[in-house]
């Protein structure tokens with residue numbers, strides 16, 4: 001069995017539902033200092049009720065992995081930080097200064113993250129198969145799957161989340177719709193650590209759909 005490179009990176013936007021390249025803008029969300037979850041680029045997040053900052057920027061937290069767990073979008077970058085509770089408006093001036101590469105679980109600062117919350121966005125993601133599990137084949141295209149959480153990389157800032165190959169099926173409350181395999185020159189559909197294209201199925205802004 002051929003093996004693809006084992007390089008998990010969470011969910012990375014690649015195109016939209018109509019197949020057009022992804023060029024959408026990103027929405028700024030708020031992560032208060034009191035939040036105790038780390039966030040990395042590629043992590044799925046969920047809007048949190050009653051968590052907006054004093055300027056009305058909605059709060060998000062890491063999403064849960066598993067059937068029926070909803071997702072608002074995917075972290076694509078970090079705007080920056082400010083003293084907790086100050087809602088610093090200068091963070092939205094797009095000065096060109098890069099934000100942090102990840103948000104640690106323990107911090108005394110409020111963070112502002114850039115999220116792709118477009119329900120029609122599609123993403124690359126690696127499947128979590130190992131030598132002990134069976135990788136996806138082309139027969140999985142059109143079906144649904146859940147996510148599985150993974151630890152992010154503090155050096156690169158990339159997420160460790162992957163597609164869970166266990167439980168792939170047609171259930172309408174599975175988190176991801178499998179669109180196809182990523183067109184990588186060295187990729188091998190059906191091999192370990194395959195990279196696939198998915199769309200969020202349990203999106204907070206889109207009705208759930210059954211697989212085929």
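Here are the numbers for this structure:
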{"item": "Count of the range 129-140 residues which are touching a strand residue (DSSP E or B) at 6+ places or on another chain (Cβ under 8 Å), at pLDDT 90 or above and surrounded by fewer than 16 Cβ atoms within 10 Å (Cβ to Cβ)", "result": "1"}
{"item": "Strands (runs of 3 or more DSSP E) lying entirely in the range 35-128 (those with 2 or more residues that are surrounded by 14 or more Cβ atoms within 10 Å (Cβ to Cβ) and at pLDDT below 95)", "result": "73-83, 109-116"}
{"item": "Positions within the range 4-34 being surrounded by fewer than 16 Cβ atoms within 10 Å (Cβ to Cβ), more than 18 Å from the chain's Cα centre (by Cα) and farther than 18 Å from residue 120 by Cβ, in sequence order", "result": "5, 34"}
{"item": "Single unsatisfied condition, residue 160 versus (1) surrounded by fewer than 22 Cβ atoms within 10 Å (Cβ to Cβ); (2) at pLDDT 95 or above; (3) assigned to a loop (DSSP other than H, G, I, E, B); (4) more than 12 Å from the chain's Cα centre (by Cα)", "result": "(4)"}
{"item": "Members of the range 172-190 found to be surrounded by fewer than 18 Cβ atoms within 10 Å (Cβ to Cβ), more than 20 Å from residue 13 (Cβ to Cβ) and in contact (Cβ under 8 Å) with a residue 40 or more places away in the chain, listed by number", "result": "173, 186, 188, 190"}
{"item": "Looking only at the range 174-193, and only at residues there that are modelled with pLDDT of 95 or more and in a loop (DSSP other than H, G, I, E, B), the one that is farthest from residue 210 (Cα to Cα)", "result": "175"}
{"item": "Identity of the residue in the range 17-34, modelled with pLDDT of 90 or more and outside any loop (DSSP other than H, G, I, E, B), that ends up nearest to residue 206 (Cα to Cα)", "result": "27"}
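The values are calculated or read from the model by the stated rules, or taken from the named source; none is laboratory data. All figures in this text were calculated on a predicted structure; none of them were measured in a lab. Cβ sites come from the backbone with ideal geometry, for glycine too, and all protein chains shown count toward neighbours.
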